[in-house]
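Notes to accompany the following structure.
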Amino acid sequence: MSLNRNEKAAVVADVSAQAAKSQTLALAEYRGLTVEHLNKLRVEARAKGVYLHVLKNTLARRAVAGTPFEVAAETMAGPLIYGFSADPVAAAKVIADFAKGNDKLIIKGGAYAGKALDVNGLKSLASIPSREVLIAQVAGLLKSPIQRMAGVIAAVAEQKGGGAEAPAAEAPAA
């Protein structure tokens, strides 16, 4: 069923709005996927804040015209599913993780920070840990020297005899 002119304009406006607030675009060919698999992919994408949409390529090219994702226009051929995300790695991670478990979903490329990504570029972007994991790693790195220093101070105090507990003072009987 084809869309009329107003419906096409609405689709382009919707995708343009998503592209304006996104940092990453991931493209994958979905030929051969069942509806059940596509629904599973959409549920995973929605849970991670990824806007996933099957679009006609001409509408997608119009929607990304004038955005940093315009560089991916030459890879927009064939039946593609488009994933946009504000998180730099979320769209790439959702597509790449789903493609690992399903050989029918073929990664085609994408765009990040105004640069076109090929298949390997998108996979390497997907391998970057999420923001929360990176923050936890930095916090662990900051905590480690303090823990080691506290351990050294405790060991020195124990060596000098300051580690033994002082006898508790007896409370006067009332």
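The values are calculated or read from the model by the stated rules, or taken from the named source; none is laboratory data. Quantities reported herein were computed from a predicted structural model and do not represent experimental measurements. Cβ: placed from backbone, ideal geometry, glycine included. Neighbour counts: every protein chain shown. We work out accessible area using only protein heavy atoms, side chains counted, and drop any ligands, DNA or RNA first. Shrake-Rupley method; radii C 1.70, N 1.55, O 1.52, S 1.80 Å.
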Explain nothing, just the number: dipole magnitude of segment 55-146 about its Cα centre with +1 on each Lys and Arg Cβ and -1 on each Asp and Glu Cβ, in debye rounded to the nearest 20.
80
Rounded if a/c is under 1.5, else prolate if a/b is larger than b/c, else oblate: which is segment 1-100, with a ≥ b ≥ c the root eigenvalues of its Cα gyration tensor?
oblate
Förster radius 30 Å - calculated FRET efficiency between residue 86 and residue 139, Cβ distance, rounded to 0.05
0.85
Residue among 128, 106, 146 with the largest mean-square fluctuation in a Gaussian network model of the chain, springs linking Cα atoms under 10 Å:
146
The percentage of the accessible area of segment 5-48 (probe 1.4 Å, all protein chains present) made up of carbon and sulfur atoms, to the nearest whole number, is 51
Label-point separation (nm) for residue 56 and residue 158, each offset 7 Å from Cα along Cα-to-Cβ?
7.4
So if we plug the beta-carbon distance of residue 77 and residue 120 into 1/(1 + (r/R0)^6) with R0 = 22 Å, what FRET efficiency do we get, rounded to 0.05?
0.70
Row for segment 52-135, column shape: gyration tensor on C-alpha, a ≥ b ≥ c, rounded if a/c < 1.5 i.e. under 1.5, prolate if a/b over b/c, else oblate; value oblate
For the chain, set up a GNM with springs between Cα atoms under 10 Å and report which of 142, 55, 122 has the largest fluctuation.
142
Simple spin-label model, 7 Å along Cα-to-Cβ: residue 3 to residue 103 in nm?
3.4
Residue 64 - accessible surface, heavy atoms, 1.4 Å probe, Å² rounded to 10
0
Of the listed pairs 21/123; 56/115; 48/143; 21/104; 48/100, those with alpha carbons more than 27 Å apart are 48/143; 21/104
Rounded, prolate or oblate: which one fits segment 20-69, using the alpha carbon gyration tensor with axes a ≥ b ≥ c (rounded when a/c is under 1.5, else prolate when a/b beats b/c, else oblate)?
oblate
